[in-house]
Amino acid sequence: MNRPMPAVAQAPIVCVVDDDQAVREALGSLFRSVGLSVATFGSTSDFLARENPGAPGCLVLDVRLPGVSGLDFQAQLSSMDNSLPIVFMTGHGDIPMSVRAMKAGALDFLAKPFRDQDMLDAVAAAIERDAASRRDADALSTVRTAYSSLTPREREVMRHVTAGLMNKQVGALLGLSEITVKIHRGNVMRKMGVRSLADLVRQAEALGDQA
């Protein structure tokens with residue numbers, strides 16, 4: 001039974017890079033059979049030249065390609081901050097090769113000939129990972145935007161409050177009355193869109209050194 005494809009806001013796209021046209025066509029048919037959009041490429045340069053729709057998805061990449069190998073292309077994408085999950089396939093794989101690919105972040109490594117279901121499972125997992133990564137990035141962007149709306153004083157109050165200090169202690173550190181700290185704290189909670197200190201602490205952790 002086919003693994004269900006994850007529900008995402010935008011239709012996911014599976015990009016296939018293989019210099020063998022027959023392989024590209026076979027994989028294209030396989031992915032379309034489960035309702036996925038597919039874009040196929042005969043080379044890594046063709047893939048890089050594509051218009052990026054910004055949709056979630058994954059890259060199904062052959063290890064042995066003319067020019068840049070699949071493993072070298074994985075490193076190239078990483079240097080470009082392209083985090084599209086990769087499912088490798090090869091007819092010449094060996095253990096060191098697969099270990100290198102997985103350590104560099106590949107989601108799976110399938111030796112040809114592989115079962116259709118194994119490929120579908122790997123792609124479904126890759127799309128789930130990419131969709132989750134995009135949701136996390138969107139959430140962090142929202143937090144950063146909210147944080148940028150705080151005044152310098154509100155940021156100071158947020159930093160001390162999320163460090164565990166009471167309003168009275170924050171006031172003593174900043175030379176403010178406790179009631180003034182409460183007002184700033186209320187403004188921080190409102191602007192950051194949270195209702196509890198625990199949520200504010202989680203946002204501060206997500207912001208890291210920025211907060």
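The values are calculated or read from the model by the stated rules, or taken from the named source; none is laboratory data. None of the values given here were measured: they were computed from a predicted structure. Positions of Cβ are generated from backbone atoms using ideal geometry, with glycine treated the same way; all protein chains shown enter the neighbour counts. What goes into the accessible areas is simple: the full protein's heavy atoms, side chains included, and nothing from ligands, DNA or RNA. Shrake-Rupley method; radii C 1.70, N 1.55, O 1.52, S 1.80 Å.
Here are a few things to note about the model shown:
- Loop-located trypsin sites (Lys or Arg not before Pro) in segment 167-200 (DSSP state other than H, G, I, E, B) with a sparse environment of at most 11 neighbouring Cβ atoms within 10 Å: Arg195.
- Measuring nothing but how far apart in sequence close Cα pairs (under 8 Å, 6+ apart) lie, relative to its length, the chain scores a relative contact order of 16 percent.
- Leu110 long-range amide H proximity, modeled H, under 5 Å: Phe88, Met89, Thr90
- Asp19 sits with roughly 80 Å² accessible to a 1.4 Å probe, with DNA, RNA and ligands left out of the calculation.
- Trypsin sites (Lys or Arg not before Pro) within segment 10-50: DSSP coil, no more than 13 neighbouring Cβ in 10 Å: Arg50
- Helix axis angle, 116-148 relative to the chain longest principal axis, alpha carbon, degrees: 20
- Answer label for mean projected area of the Cα convex hull in nm² (calculated), chosen among [x] 12.0; [y] 10.8; [z] 14.8: [z]
- Cross-link partners of Lys182 among lysines (Cα-Cα below 28 Å; sequence separation of 8 or more within a chain): Lys168, Lys191
- Top positive-direction residue, dipole computed over the chain with Cβ charges, set Ile13, Ser148, Ala111: Ser148
- The residues neighbouring Cys58, those whose beta-carbon lies less than 10 Å from its own, together hold a net charge of -2 under the Lys/Arg +1, Asp/Glu -1 convention.
- Summed side-chain charge close to Ala206 - residues other than Ala206 whose Cβ falls under 11 Å, Lys, Arg +1, Asp, Glu -1: -1
- The phi torsions of segment 186-195, fed into the Karplus equation with coefficients 6.51, -1.76 and 1.60 and a -60° offset, translate into couplings of x, 5, 4, 4, 5, 5, 7, x, 10, 10 Hz, rounded to whole numbers, with Gly and Pro shown as x.
- Debye, to nearest 20: dipole size of segment 62-135, +1 on Lys, Arg Cβ, -1 on Asp, Glu Cβ: 120
- Charge dipole (the chain, unit charges on Cβ, about Cα centre) - positive-most of Val201, Ala75, Val60: Val201
- Check: the chain dipole with +1 on Lys, Arg Cβ and -1 on Asp, Glu Cβ, in debye: 1220
- A simple rule links phi to the HN-Hα coupling: the Karplus curve 6.51 cos²θ - 1.76 cosθ + 1.60 with θ = phi - 60°, which for segment 60-71 gives 9, 10, 6, 6, 9, 10, x, x, 6, 6, x, 5 Hz, with x for Gly and Pro.
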